[in-house]
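K.L.:
Take a look at the following structure, please.
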Amino acid sequence: MKPVFAFRALPLFALVLLTGCEQLGIEDPAKLLAIKEAEGKAIGSACRHALRAIEDCYTLNPKAQKAAVFNGWKEMDEYMRENKLEGVAPVVPRVPVVKPGAEPEEEEVKPKAKSGASDKAADKTAGKEGKPKAAAH
């Protein structure tokens, strides 16, 4: 075997070894990017078909790529307009999204008075409100 042949065969051998990287759990960045883009387009087109605004789609899917979501939404919009298709109203109710750092709104709690006389007055007024009125026959 000539040494020149060994240098030509080395890159071929390395290529054969590297083709099995996916089986070892090493993921291809280009493949991951293509998957994320396809998922974003699917999310966008589903949002448009469900009559959701693009802003709502972004809010409901914060991890999706915004550009891909927009492209999917836009493509579905064009398709629906060309074919005169109506969207489908979403069945799942919209869940309010709490922004990070924002505190959820709570009802105002009135502080209790420290004296015993005001507690009794509060109990009497609460008792009057809670009693049902007798119906006149």
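None of the figures in this text is laboratory data; all of them are computed from the coordinates on show. Quantities reported herein were computed from a predicted structural model and do not represent experimental measurements. Note: ideal-geometry Cβ built from the backbone for every residue, glycine included; neighbour counts use all protein chains shown.
K.L.:
Give me the count of lysine pairs in the range 26-89 whose alpha carbons sit under 17 angstrom apart, restricted to pairs 8 or more positions apart or on different chains.
P.N.:
Lysine pairs meeting both conditions in the range 26-89 amount to 8.
K.L.:
Further question: If packing is taken as the average number of other Cβ atoms within 10 Å across a peptide's residues, how do 59-66, 25-32, 72-79, 45-52 rank, most packed first?
P.N.:
Per-residue Cβ counts within 10 Å, averaged per peptide and sorted highest first, yield 45-52, 72-79, 59-66, 25-32.
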